Amino acid sequence: MGVVNIMSHPPYSPDLPPCDSYLFPRTKDTIRGIRFRSPEDAVKAIENAREETPKEEWSHCFYQWFHRMQRCVERDADTT
């Protein structure tokens, strides 16, 4: 089973929201209403929800993110 790593995100850009923002609502919906006995139980539930997300959804999420990054790079090249 994977480990949850806490990482910071770069400053917010409306063109490049963090790729996980697409899947975060799904995880929230999965664990909504559950009361946890400990922080470790909450992390375990999040890990389980993450593992239940189909690989195709992860792939689609990252594809969209990289596509948006490429568009930003192309637009910046047009302005310089």
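The values are calculated or read from the model by the stated rules, or taken from the named source; none is laboratory data. All values derive from a computational prediction rather than experimental measurement. Here Cβ is always computed from backbone atoms with ideal geometry, including for glycine, and neighbour counts include all displayed protein chains. Note: areas computed on protein heavy atoms with side chains; ligands, DNA, RNA excluded. Shrake-Rupley method; radii C 1.70, N 1.55, O 1.52, S 1.80 Å.
List of remarks:
- Number of residues in the range 42-57 that are under 14 Å from PRO25 (Cα atoms) and among the β-branched types (Val, Ile, Thr): the value is 2.
- Of the listed requirements (1) open to solvent by less than 90 Å² (accessible area, probe 1.4 Å); (2) modelled with pLDDT of 85 or more, SER21 misses just one: (2).
- Candidates in the range 26-47 are the residues that are in a helix (DSSP H, G or I) and touching a helix residue (DSSP H, G or I) at 6+ places or on another chain (Cβ under 8 Å); of these, the one that is surrounded by the most Cβ atoms within 10 Å (Cβ to Cβ) is THR27.
- Which numbered condition GLY33 misses (of (1) at pLDDT 85 or above; (2) touching a Cys at 6+ places or on another chain (Cβ under 6 Å); (3) not charged (D, E, K, R)): (2)
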